[in-house]
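The values are calculated or read from the model by the stated rules, or taken from the named source; none is laboratory data. As the structure is a prediction and not an experimental result, all values here were calculated from the model. With ideal geometry, Cβ positions are generated from the backbone for all residues, glycine too; neighbour counts draw on all protein chains shown. The area values use the complete protein model at the heavy-atom level, side chains included, leaving out ligands, DNA and RNA. Shrake-Rupley method; radii C 1.70, N 1.55, O 1.52, S 1.80 Å.
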Amino acid sequence: MSLSTALNSAASGLQLSSRGAQVVADNIANANTEGFGVRSLTQASRVTGSAGSGVVMTGITRDSDAALLGEIRGANAAQSHAANLLDFWTSLEAGIGLPGDAGALGTHITTLEEALKQASIQPESQASLQKVVLAAQGLVTKINTIDTSLQTSRDTADASIQRDVNRLNSIFEQIDKLNSDIARQKLSGGFPHALEDARQNLIDQASSIIPLKEVARPDGRVMVLGADGTVFVDRNVTRLEFQRTPQPTAAESVATGDLGRLVINGRDVSATSPLLQSGSIASAFQIRDALVPQIQQQLDEFSADIITRFSESGVDPSIPVGGFGLFAVGAETMLPADLTGISGRISLNSAISPQDSDTFWRIRDGLYAPAIGAVSENAVIARMSDALLAVTPAASGSGPNAQVQGHAAALLSQTAAQRLNAESKTAYTSSRAAALQELFGARGVDTDAELQKLLVLEKAYAANARVMVAADSMLRTLLEM
């Protein structure tokens, strides 16, 4: 081998060691960067003619495990779905209130029960009659508040769907652009690993919203598909559409056409589609279209039960046929056939008012009594107390016959059970996602291993430099002869 060949070989070694040091430095610098794929330099012997002439870098590879990434993305979607449902059930349970809490639904019922008992003992007491009116007002206010929280949850879910759809469309556009940039760089012989990191992060973000799969293309592009096979990103980008419905009412639903659906390629996505079985967007649709309407129906039937108990003529003979007793439904004159949304309209009978003490006597003498009766008469109050304690069928046959307190407890119990189930699922999905992320992290940058590589590169660099010094000295000796 000639001295010039030796110099060229040593120079190629120096160049490779320098590039290797750059790759190691980049790895160490990004040790804590989320989504960073470890880079490794690949090399091969350079041959000129039939003789070796140094070394050549053949490329820089980016470490990635497609199968593990798919598992992580599925776990993140499940975690997002479970966490959103847990937030909903936790909020609803807090809104109903736990037994013994000052503002709980059950506490308001107990307060009304005690106020009626006290008023039946002291029907002549204006203070006792006032307590009944205030307790009744407190109960309807609590029911109205729970109804409002349900509508708020529905509106929040609808707004969340809109945000998720906008976010997905934006992400898919960015992935498409990165696909083009990556393919262009690879075609020109570049190494677009930073762009691949960015693309991976975007797909990870989108996967927490909707279940996605990734298929690599030979030119460096990736095809992004939904769980149902819908192609969102390939040569073209598929846009998602959704029509926001601000502040939906209890009567509005997808079936009536009042609420927006997820639309892809001009077709409505069914609630049973694999696309809506996991991820944050699936949980939002579930809350808006299934969970809130289910609780709404039970709360409306609970409200109707309370209204009916006190509207019987056997409780208060002064009540006209079909009229309301202690509780009413807004400005309506009788209980509507369609109970949807009455929990938001239930109110105290307009014949009495907490702010007007001149109406309190109607609790004792009859809501529609023409005049004040004997102050010692407690028959109407006693029948009201009995009506509150009467056993009636559960809402939609969801439980055993019970008193009002029992129906409220059943509603709370069902909500608590759903919350516990959501907690269990959230704990499982969170731990699984964390375990998979830890496994993925183990494939990340190992700074100890990178430093060992750096030591090897340093020795190789020094050795190649020594070869160049020796070759230079030999050439000088020849020139001095």
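Taking a temperature of 20 °C and a viscosity of 1.002 mPa s, what whole-number D in µm²/s does Stokes-Einstein yield for the chain with Rh from Kirkwood over alpha carbon pairs?
On the way: Rh = 28.4 Å.
Roughly 76 µm²/s, to the nearest whole number.
Once label points are set 7 Å from the Cα along Cα→Cβ at both A374 and A337, what is their separation, rounded to one decimal in nm?
Inter-label distance under the simple model: 4.4 nm.
Stretch L439-D356 to full length: gain in nm at 0.36 nm per residue minus the Cα-Cα span? Display every interim value, and only then the final one.
Numbers: separation 83, 0.36 × 83 = 29.88 nm, distance 6.86 nm.
So the extension gain works out to 23.0 nm.
Largest first, please: the extent of the C-alpha atoms of region 189-310 along each principal axis, to the nearest Å.
Principal extents (largest minus smallest coordinate, Cα): 83, 25, 23 Å.
Short version: ³J(HN,Hα) in whole Hz for each residue of region 107-116, in order, from phi by Karplus 6.51 cos²θ - 1.76 cosθ + 1.60 (θ = phi - 60°), x for Gly and Pro, what are they?
5, 5, 5, 4, 4, 5, 4, 5, 5, 5
Mind listing which GluC sites (Glu not before Pro) in region 373-477 are in a DSSP loop and have 16 or fewer other Cβ atoms within 10 Å?
Numbers: sites: E377, E423, E438, E450, E458; in loops: E377.
Of the GluC sites (Glu not before Pro), the ones in loops of region 373-477 whose Cβ has at most 16 other Cβ atoms within 10 Å are E377.
Name the residues whose placed amide hydrogens come within less than 5 Å of the amide hydrogen of V254, ignoring near sequence neighbours (fewer than 5 apart) on the same chain.
Excluding prolines and chain starts, which carry no amide H, the hits are L259.
About the Cα centre of region 262-360, what is the dipole size in debye to 20, counting +1 per Lys and Arg Cβ and -1 per Asp and Glu Cβ, all else neutral?
Values: 4 positive and 11 negative charges, 94 e Å.
Charge dipole, region 262-360, about its Cα centre: 460 debye, nearest 20.
Sum up the charges of everything whose Cβ sits under 11 Å from the Cβ of G344, counting Lys and Arg as +1 and Asp and Glu as -1, but leave G344 out. Present the calculation step by step, with values, prior to reporting the outcome.
Values: positive: R345; negative: D147, D300.
Here the count lands on -1.
Between region 104-140 and region 417-471, how far is it from one alpha carbon centroid to the other, in angstrom?
Centre-to-centre distance over Cα atoms comes out at 66 Å.
Which FRET efficiency value, to the nearest 0.05, do you get for E173 and R217 by plugging their Cβ-Cβ distance into 1/(1 + (r/R0)^6) with R0 = 22 Å? Walk me through the intermediate numbers first.
On the way: r = 18 Å, r/R0 = 0.82.
E between E173 and R217, to the nearest 0.05, is 0.75.
So which of K117/K142; K177/K453; K186/K213; K186/K453 end up more than 31 Å apart by C-alpha? Show your work: numbers first, answer last.
Numbers: K117/K142 21 Å; K177/K453 35 Å; K186/K213 23 Å; K186/K453 26 Å.
Flagged as over cut-off: K177/K453.
Helix 447-480 against the longest principal axis of the chain: what's the angle in degrees, Cα atoms only, rounded to the nearest 10?
20
Pick out, in residue order, every one of the trypsin sites (Lys or Arg not before Pro) in region 257-338 that is DSSP loop and has at most 11 other C-beta atoms within 10 Å; say none if there are none.
Numbers: sites: R261, R267, R288, R309; in loops: R261.
Those that pass, being in a loop and sparsely packed, number zero.
Could you compute the FRET efficiency for S188 and V469, with r as their C-beta to C-beta distance and R0 at 41 Å, rounded to 0.05? Please report the intermediate quantities before stating the final value.
Numbers: r = 37 Å, r/R0 = 0.89.
Once the sixth-power term is evaluated, E becomes 0.65.
Once Lys and Arg get +1 and Asp and Glu get -1 on their Cβ, which of A159, L116, T359 lies farthest toward the positive end of the dipole of the chain?
Value computed over the given set: A159.
Which order do peptides 332-340, 462-470, 425-433 fall in by mean Cβ count within 10 Å, highest first? Don't jump to the answer; show the numbers that get you there.
Values: 332-340: 13.1, 462-470: 14.9, 425-433: 16.7.
Per-residue mean Cβ counts within 10 Å order the peptides as 425-433, 462-470, 332-340.
Could you work out what % of the accessible surface of the chain is carbon and sulfur, using a 1.4 angstrom probe and leaving DNA, RNA and ligands out of the count?
Taking all protein chains in place, the chain shows 55 percent carbon and sulfur surface.
Show that you can apply the helix-only estimate: for the chain, add -39,500 (n - 2.57) for every DSSP H stretch of four or more residues, divide by all residues, and state [θ] at 222 nm to the nearest 500. Please list the in-between numbers first.
On the way: 11 runs with 268 residues, N = 481.
Rounded to the nearest 500, it is -19500 deg cm²/dmol.
Work out the P(r) tail for region 7-139: percent of alpha carbon pairs separated by more than 17 Å, whole number.
On the way: 6777 of 8778 pairs.
Distances greater than 17 Å cover 77 percent of the Cα pairs.
Which one, L225, P211, L291, projects farthest toward the positive side of the charge dipole computed for region 207-366 from Cβ point charges (K/R +1, D/E -1)?
L225
Ignoring everything but the protein chains, give the 1.4 Å probe accessible area of R345 in square angstrom, nearest 10.
90
In the neighborhood of L139, defined by Cβ-to-Cβ distances under 14 Å, what is the net charge if each Lys or Arg adds +1 and each Asp or Glu adds -1? All intermediate terms of the calculation are to be shown ahead of the outcome.
Numbers: positive: K131, K142, R309; negative: E113, E114, D147, D305.
So the surrounding residues net to -1.
Considering only protein heavy atoms, what per residue accessible area in square angstrom results for the chain with a 1.4 angstrom probe? Before the final figure, lay out each step's value.
Numbers: 23230 Å² over 481 residues.
On a per-residue basis, the chain sits at 48 Å².
Loop only by DSSP, 16 or fewer other Cβ within 10 Å of the Cβ. Give me the trypsin sites (Lys or Arg not before Pro) in region 176-238 that pass, ordered by residue number.
Working: sites: K177, R184, K186, R199, K213, R221, R235; in loops: R221, R235.
Sparse-neighbourhood loop trypsin sites (Lys or Arg not before Pro): R235.
Gain in length, T308 to S40, computed as 0.36 nm per residue apart minus the alpha-carbon separation, to one decimal in nm? Intermediate results must be reported in sequence, preceding the final value.
Values: separation 268, 0.36 × 268 = 96.48 nm, distance 7.57 nm.
Between T308 and S40, full extension yields an extra 88.9 nm.
Express in nm, to one decimal, how much length is gained between N265 and A251 on full extension, taking 0.36 nm for each residue of separation and deducting their alpha carbon distance. Could you put the intermediate results ahead of the total?
Values: separation 14, 0.36 × 14 = 5.04 nm, distance 2.88 nm.
The span from N265 to A251 would gain 2.2 nm if fully extended.
Relative contact order (percent) for the chain, with alpha-carbon contacts under 8 angstrom and 6 or more residues of separation?
23
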